[in-house]
Each structure stands twice: as C-alpha cells, then as structure tokens.
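Notes for the one structure printed next.
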Amino acid sequence: MGRGAPAALAAAVTALVLAVGLAACGSGGGGEGGTVKLEGEPSGKLTISNWPLYIDSGKNGTVKEFEKATGIDVKYIEDVNDNEEFFGKVQPLLEQGESGGRSVFVVTDWMAKRMYDLGYLQDVDKAGIPNVEENLLPSLRHPGFDPERKFSVPWQSGMGGLVVRTDLAPEVRSICDLFDPKYKGKVDFLRELRETVPLVMTCEGVDPEEATEDDWMKAIEKVEAAVESGQIRHFTGNEYTRDLSSGDAVAAIGWSGDAVQLQAENPNIEFRMPEEGCSLWSDNMVIPVGAPNPTAAEAWMNYVYVPKNQAKIAEYVNYVTPVEGVKRIFEETEPELAESDLIFPSAEFTRDCFTQTQLTEEDEAPVTRAWNAVLNG
Amino acid sequence: MRRGRSGGAPRGAWRWLREHAVNIVAALVVVYMLIPIAVILVFSFNDPAGKYNFTWVGFTLSHWGNAFGIPELNSALLTSLKLALLATVVSTAIGTLMAIALVRHRFHGRRAANLLIVVPMATPEIVMGASLLSFFIILGTPGLGFQTLLIAHVMFCISFVVVVVRSRLIGFDRNLEEAAQDLGATPLETFRLVTLPLIMPGVFGGALLAFALSIDDFVISNFNSGTTVTFPLYVYGAAQRGIPVEVNVIAMILFGVTVLAMGATVWQQRRAEKMSEVRPDQEAMPPVAIGAAEAA
Amino acid sequence: MAERRRIVPYFLLGPGTIWLLLFFVVPLFYMGYLSLESGVVGSLSFSWNWGNYSDALSLYDTQFARSFLYSGLATLICLLVAYPLAYTIAFRAGRWRNALLFAVVAPFFTTYLIRTLAWETILSDQSPAVDALRFVGLVPENGHVLATGGAVIAGLVYNFLPFMILPIYASLEQIDERLVEAAKDLYASSRAAFLRVTLPLSAPGIVAGTLLTFIPATGDYVNAQFLGSAGNQMIGNVIQSLYKTQLDYPAAAALSFVLMALIMVVVLVYIRFAGSEALMGEENL
C-alpha cells in the first residue's frame, strides 16, 4: 500500500467525521392532522391518486365532466396499486407534512386508519360535502375504523373473491380450488394480507371474523407451502389482471369490479363468488396533510355523491356503490345493472362474506412479519 | 495433422462445420441479442383491443403518429433527457479532469484515487441506490426529487467517464505536447490547443457513455426519485397497469437517435484521426471501442 | 514551477474526489448507521443493533443462496456464449467488426426495463416461442417458461452479455496474431494454439468480464420481478421491498451490507484464484 495508505486513511476519516456530524441533523417531524380549511369557491388544480380501473375514463368521463362543471383542472393518477406499496411510497413525504402534490387519495379502510393514527390525514369539513351527508348509504355511516366518518369518505366498496378465465379454468369455484395442483404455476394471489389470508382461512373452515393469531399463522403457512411447491405464480397488486389477460394465470384472488372491465381485453374473464364466501371492504377518499387544494378535494367528493354522477361511475366500474339513489336511477335507465349482484349485492349473495378483519394490535406485528417473509420468497 | 475417417462429402461437410462452428455460434448469439429489439419494434405497430400489448392483434401506424400524445410519457421523457444532459455535462467535466490527473501526474494517493474510481463500478446498483437513499433519509434534505436524482446520476457516471478518457490518454503521443511547448506555448495553452482537441474523441465517448447510462438508469433512480418520474420509472409504473404502445414507439425513437449519435461519433473519430495523423489507437473500453482500432 | 506541478493534480482530482466521497463513500457510512438502528419508521433510534445483521443472515439465507446460484449460472452461461462471439469479432470479422460490435451494444440503447419486458412477451405461456419449445420437448406439455428460475437466469444472461463480450473482445484484440502464428509454426494444432496461447492471453478480459457480470447480477431484482415467480425472489427484491414497501430501513441497510460483504468475499477468492493484474488496470507512466 505504501504511499497510498495515508491518503486513503485521510479520506476514510473525513468521510466518517462528515457522516457523524451530519447525522446530527435529523429529518423533520411528522405532521399533525388538523381539519381541512375550506377557502372560498373551489378552483385551481386538483391532483387525485386512485387505484386503476376505478373510474369511467375518457373524453366523456366523470373527470372531464367535473372539470367542465367546476373549472378545476384535474390531474388523475392511477398510482395506488397496493395499500402497503402506496404507503411505502408516500410515507416519507407525509412524515414531512407533504403529500407529493396530492389533495385526495383513495386507500382501503385499515390503511386509512393507520395513516390517520400516524397523523398523516386531515379531518374533512362536513360543511363542504353536504351530498355525502345526505346520500351515504346507512350501512356505511358508522364503520368501526372511523365511527363518525371524520376523515374518510367511501369511494367504492367491493368484494374480494375469485377472478377466473372461464375458457382455461372453468371448474374453479372455491378458494380451495386455487390450491389444486392442476393449476400449478398459473394462480395469482393478492399481496394484501387482509384480503388473501382470511380467504385462505375460509378454505380451512375458519371464520375470519373469529380468527386467532394461530389461525392466521396456519393460513400463512399454507400459502407458504404453495409458494414452495410452485403453485403460486405471483403475488400481485393489480397486476393479476395482466396475467389473466395473457393467460399466464388462469385464476386469481381478485376484486369484483375488475373482471367486468377486463372483458374488453378478453370476454372470458369473470368474477366468481367463492363457495366459502368473499371478503368485503371499502376504499375511501382521504385528504392528506399538506394537500395543496383541499377545497377542490371536497368539491370532488361532493360531486361524486350526486346520484346521477355516481351512476355514471358505477355503470363503468361495477363495484358496490356507496351512494343512495343510484339503484333507482338504474331501474329506469339500465335495468340489468339494477339487478347486478356486483353493484347492489343482495344479502343472499354475500351471505358468507366477512368484512375485512382488523388485526388486533398484538397480532399485527408477528402476523405481518410472517406474511412479509412469505411475500419475499 | 489428424487424418479423418474415410468418406468424402460428409467428412468435408463436417470439417466445414468445425471450422466455422465458432462463426455460427457467434451469428446465433448476435441474432439472440437482437430478438427483443425486433419484438419491441414489431409490437410498436400493434393495435391492441384493450390496455395490454401482449398478443398481436393487427397492424397500425396510429401509435407512431401519436408517439408524443401521452402527456405523462412526454413529461417523463423530458425529465429523463434533462437529467441525462445535465448529468453528462457535469460528470464528463469532472471525469476528464480526474483522468488527466491520474494519467499524467505522479502524486501521493494515486492508488487510493484509483480505488475510489473503480469501486463504484463494481458495486451492485442496488447497494448504491439504497445507500444514497439512506443518506437522503437521514439528512432530511434535499427532498427526494430531481436534485437527488442528478446527484446520484453524476456519481455513477464519473467512474465510467474516467475510464474511457484515461484509455484515450494512455495512447496519446506526448511528443506533440512537447513540440508545442518547444514552440513557446504555456502549459495551459498547450492543453487548450493541443491536448484537449486530440483527446476530444475520448471525452466525447465518455460523455456518450454517461448519457446512455443516465437515460437507461432504473435501479438507482427507483430509490432516489421521490415523485419525479423518469422514462424508465414511467415504464415501471405502466408495467403494472398496461404499457401503452407509444412506449414502444418512444423506445425505438430513442434507439434510432442513439444509433445515429454513435455513427456520428465513429465518423468524427475517423476524421479526427486522419487529420491529426495520430497513431490509430486501441480503445479498450465499451462502447467507444468501435471504429478506433482499424487494421487499415 | 516544480511546486505548481505538485498541486495541479490535486486540483484536477478535487471535484471528482469530493463528489465521490460525499455521494458514494459517505452514504455507505450512513447506511451503516441505519443498519444499526432499531424501531419502526418514524421512530428509529440508534442502538448498536447488530441483531439486524444476524436477522439478515438467518431470515434471508434462501434468497442469498438463490441470488448467488442464479448469478453464478448466468455468469457461466454468459462466458460460454460470449467467448465465441468475442473471438469472431476480434479475429474473423474484418469489415464486419464494427457492425458486430454495434449489434452487441445495441440492446443497451433500449431501456433495460423495456427489453426485459420484451422477454416477458416472448416467453409468455401462450407465445409461439414457448409453443415451439413444447413441441421440441424442452418444455413439458403443461409447463411454462416464464415465472421460473430458468427465465430469470435467461434474463440475467441477456442483460449482462455485453458486459462479458466487450472486455473479452478488448483483451483478445490486443493479442499479437504473430504469437499464434509462431505457435502454429512450431507444429501446434489450431486447438492447441488456442488453448495454449490465445486463451491464457485473454485471461484478463475473462476476469474483467466475469466480475462485471457477476457483481451486478447478484444484486439485480428487475429480472426476478418480471420474469420470475413468487418463489424466485432474489436478495435484491427483498432489499427493494424492505426499503420501499415495508419501510424497514434498518433491516434493508443491514441486508445491503451483508450482500456487499458476501460479494466481496466471492470476488476476493476468485481473484486470488485467477490472478489480479487484470483488475487494477495498471498503466505505464
């Protein structure tokens, strides 16, 4: 080393000193929620983050109509692919009190609660959303995770179950069928812990709403065994739609509305209510801290709760609509949709379904760890 | 030499095969390398029914016509180009200076400097991206975005520029510089009027390499971009939802432009060599290897 | 005059060294700091938590093994595939040399992601290519190519082939052909001439190429993500998931260091075995 050594050593020491010194400057603190402050008439720009396949897009879509009606310039991004993944993306920003330009985004119940508890969300000002007050379905007014609906406004509800290629796997009718070796390597599962594992539990005869930590772990082990045997092709957010389209997967755990929109790709894709039952969930619009335009955000929420506007969305996405009055509209204009089990599920249709269970605080950590270990391969 | 067994034609054919086996394998490999490019090109003419561009449906030129019709794609592309341009300028300047120092001067710490240059090239990208992310997280500022991307890109480009310019400098004929100085030029003038123009091809090659690396970078950008979207990051996001055909079109355009740029470099190199009558060099590093080592 | 000469190199080196130190070396120290923290995001605290390292090794040993297996195989295949092509370009190409070199480098000019995704299309279960493979019998009737370890390795080979070809070509190109002629004049057969003269002289290129392929391939995650299945995840995928989705920065940082350390061990053993002049690129001053 000879001549090089002193220089190298000096460099290393400099680096170390710099590192230690700068480490003293920590990162900023997180934001506290607070309530949305409405300012005058809604105007300006609005950035919305939502899940894919969740709105009627296009030239005559809801976004364009909203822009026309209010003069607000909307940037609608479909970058919520998976709750945890989205959390991972925005958490560093929200921690600093920023939202990355977003004024509204849409996440599932349990994620909304987690974000709220961390101080990342603002309370909505109910004065700005009278339509929601008036038209929200009674069954959704006092959910467990947000009893006063302080920070969340439902976007759509839906069911997690089986999405199937009827031409390639016509006999798949229950979650247990997904473990049939006949379909080895052609089955996709959702990455969402609270979606997939309870469904797997039902295959074993356990009621997810009464499940113990042990039940969760056993179900996770079953999935792990399926990974090792090569049964499961991918764990996905929304990408299972791609695998089903191309035929690389023949059946997947997926979401009720997706199948309908996928039929444009391939008419052989269908949502099937599993024999064991499905999982019921809601996705919610929330306003993050640091939202640049909360006034416009509330105007958006208000707009989509007008039954006429909601009917347009419901017709396209085919998820369970949270707005009262849409069924009446469909009975006149689209009678088949009024009968659709996907948009207006009857009690009979969802008799075996369970609401997405909240993991208890003590179960959450070990179960999440175990699940992540399976996801990581 | 070995005598084969009896039998005329088959033996001849076998021998031909053996002699040309290497060439055949080489040809197959080349075809293999070009297959995906062909697929990307073909599918840029596809006319899919829905969102997914997997199966061939029908031929259309409409996506080529609409190449710049998707706003998010355009802004991602623009971001990538801006980033690559800035990163190239900065890293080429820094890298050229470093290369000159390393080749021309003896000084304490040469070994250490050498090491500092080589190690980043040998570090897995994920480690570089992750450590930079750790750095920015703990520091808190600047927020992840264009600035952090620029910092990261310059960082990984410097090493490559140094290596390319260095290889050009090594084959450089010092006599020219000495001649200039004998004729009264100051060291700075010599550098400006003699050295720099002659190493320009190397500098340009390094710049080209830096540009290519920056435009193509995915892993490090994925970790350090925050909400800024570069072209590869756009493709990554779109991969989950369905990649529009326009992405294939843009990829082919980028490809075409880079091919032309490379062709221009090669042409320019040959001209420079002929004009200055420097010994034809052996350029050892990719991708500037093309053109320099001529037998004639 | 002499005084100025001695400072000049430091000025020239200055900007680059500072940049690399600040943005390459220092972040590594930061990552080290992170790797010894504990707690969840938003409330991390430094606590000399070496547990992160032992966790890294025990929880993810399968992924580590898998990563080294995949990248090792990919490197080997790359070498076998690249050498004939490099040889042809160096010795047999003549006028076509530039065109061939271009063909080697061309894939670089399409974005990394896009060419990996192109392989996804080519190897999709219903694609003609895979049908052909089934017909020939290389793939079982109900089998699929995508979402297997094989597809991941194939992707790695494809993406890193230029890194193998170019160094080997560079070193082959510098071989004085008269040496080979001399060997033949001494009654060596073509094959012997190759094995005894060409091959050893191209060793530096082989060493450089294998290192330039193996090291990045081990940390790769793009190929595994798009071409592999849930059971083919490499250590890069785990690190990415820990950083971006699970937000477990300490574990991710520890894992990154372990990866670096393991790679370094393999590389050192390899260099000891293969000889080290090739690496440092000593030039004549």
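Just so it is clear, none of the values below were taken in a lab; they were calculated from the coordinates. Computed from a predicted model, the values in this text were never measured in an experiment. Heads up, the Cβs are rebuilt from the backbone with ideal geometry, glycines too, and the neighbour counts pull from every protein chain shown.
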Exercise. Picking from A:Val132, A:Tyr76, A:Val306, whose Cα lies most toward the positive end of the charge dipole for chain A (charges on Cβ: Lys, Arg +1; Asp, Glu -1)?
Worked result: A:Tyr76
For this session: Kindly write out, for segment A:206-218 in residue order, the coupling ³J(HN,Hα) from the Karplus curve 6.51 cos²θ - 1.76 cosθ + 1.60 (θ = phi - 60°), rounded to whole Hz, with x marking Gly and Pro.
Result: 8, 8, x, 6, 10, 6, 9, 4, 4, 4, 4, 5, 5
Exercise. Which value, in Å³ per residue, describes the convex hull spanned by the Cα atoms of chain A?
Worked result: 194
Exercise. Any idea what the relative contact order of chain A is, in percent, if you count C-alpha pairs under 8 Å spaced at least 6 apart?
Worked result: 25
For this session: Taking amide H positions as placed in the peptide plane 1.01 Å from N, state which residues far from A:Thr35 in sequence (5 or more) or on other chains have amide H under 5 Å from it.
Result: A:Asp123
Exercise. Taking N as the number of residues in chain B, what value does Rg over Cα atoms divided by 2.2 N^0.38 Å take?
Worked result: 1.27
Exercise. Which residue, A:Glu276, A:Glu192, A:Glu210, tops the fluctuation ranking in a GNM of chain A built on C-alpha contacts under 10 Å?
Worked result: A:Glu210
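Quote the relative contact order of segment C:109-206 in percent (integer), defining contacts as alpha-carbon pairs under 8 Å separated by 6+ residues.
The normalised contact order for segment C:109-206 reaches 22 percent.
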For this session: Identify which of B:Val194, B:Val266, B:Val29 has the largest mean-square fluctuation in a Gaussian network model of chain B, with springs joining Cα atoms closer than 10 Å.
Result: B:Val29
Problem set entry | Over 29 Å (Cα to Cα) - which of A:Lys186/A:Lys312; A:Lys218/C:Lys244; A:Lys126/C:Lys244; A:Lys45/A:Lys327; A:Lys37/C:Lys244; A:Lys64/A:Lys186 fall in this group | A:Lys186/A:Lys312; A:Lys126/C:Lys244; A:Lys45/A:Lys327; A:Lys37/C:Lys244; A:Lys64/A:Lys186
Seminar exercise, completed: Residue-normalised 222 nm signal for chain B, counting each DSSP H run of n ≥ 4 as -39,500 (n - 2.57), nearest 500 deg cm²/dmol, is -24000 deg cm²/dmol
For this session: Per residue of B:35-42, count partner chain C-beta atoms within 10 Å of its C-beta, then hand back the mean as an integer.
Result: 6
Problem set entry | Antiparallel bridge percentage (DSSP; both residues within the protein assembly as shown; nearest 5) | 60
Exercise. Amide H to amide H, which residues 5 or more places from A:Thr108 or on other chains are under 5 Å from it, using H placed in the peptide plane?
Worked result: A:Asn284
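Order of A:155-166, B:124-135, A:223-234, C:180-191 by packing, highest average Cβ count within 10 Å first? Don't jump to the answer; show the numbers that get you there.
Details: A:155-166: 24.1, B:124-135: 26.8, A:223-234: 20.0, C:180-191: 12.8.
Result, highest mean Cβ count within 10 Å first: B:124-135, A:155-166, A:223-234, C:180-191.
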Seminar exercise, completed: Note, segment A:233-249: 3J(HN,Hα) by Karplus (6.51, -1.76, 1.60, θ = phi - 60°), whole Hz, Gly/Pro = x, goes 7, 9, 9, 10, x, 8, 5, 4, 4, 5, 4, 5, 4, 7, x, 5, 10
For this session: Convert each backbone phi in segment C:178-187 into a coupling constant with the Karplus relation 6.51 cos²θ - 1.76 cosθ + 1.60 (shift: θ = phi - 60°), then list the ³J(HN,Hα) values in order as whole Hz, x for Gly and Pro.
Result: 5, 5, 5, 4, 4, 4, 5, 4, 8, 6
Problem set entry | Sequence-distant residues sharing a close amide H with A:Thr355 (under 5 Å, placed H) | A:Leu280
Problem set entry | Separation between Cα centres of segment A:54-81 and segment C:62-87, rounded to whole Å | 48
Problem set entry | Alpha-carbon Rg with Dmax, taken over segment B:1-111, Å | 26.8, 71
For this session: Just tell me how shielded B:50-58 is by partners: mean number of partner chain Cβ atoms within 10 Å of each residue's Cβ, no decimals.
Result: 6
Problem set entry | q = 0.15, 0.18 Å⁻¹, segment C:57-275: log10 I(q)/I(0) [Debye, one scatterer per Cα] | -1.06, -1.27
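Ratio of the protein assembly as shown's C-alpha Rg to 2.2 N^0.38 Å, to two decimals?
For the protein assembly as shown, the normalised Cα radius of gyration is 1.02.
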Problem set entry | Max mean-square fluctuation residue, GNM over chain A, Cα-Cα springs under 10 Å, options A:Pro138, A:Pro154, A:Pro208 | A:Pro138
Problem set entry | Cα centroid separation - segment C:131-172 against segment B:14-37, whole Å | 16
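Which value, in debye to the nearest 20, describes the size of the charge dipole of segment A:89-149 about its Cα centre when Lys and Arg Cβ atoms bear +1, Asp and Glu Cβ atoms bear -1, and nothing else is charged? It would help to have the intermediate numbers written out before the result.
Working: 7 positive and 10 negative charges, 40 e Å.
Dipole of segment A:89-149, to the nearest 20 debye: 200 debye.
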Seminar exercise, completed: Scoring chain C by relative contact order with C-alpha pairs under 8 Å, at least six apart, yields a percentage of 26
Seminar exercise, completed: Expressed as a whole number, the average count of other chain Cβ atoms within 10 Å around the Cβ atoms of B:233-243 is 6
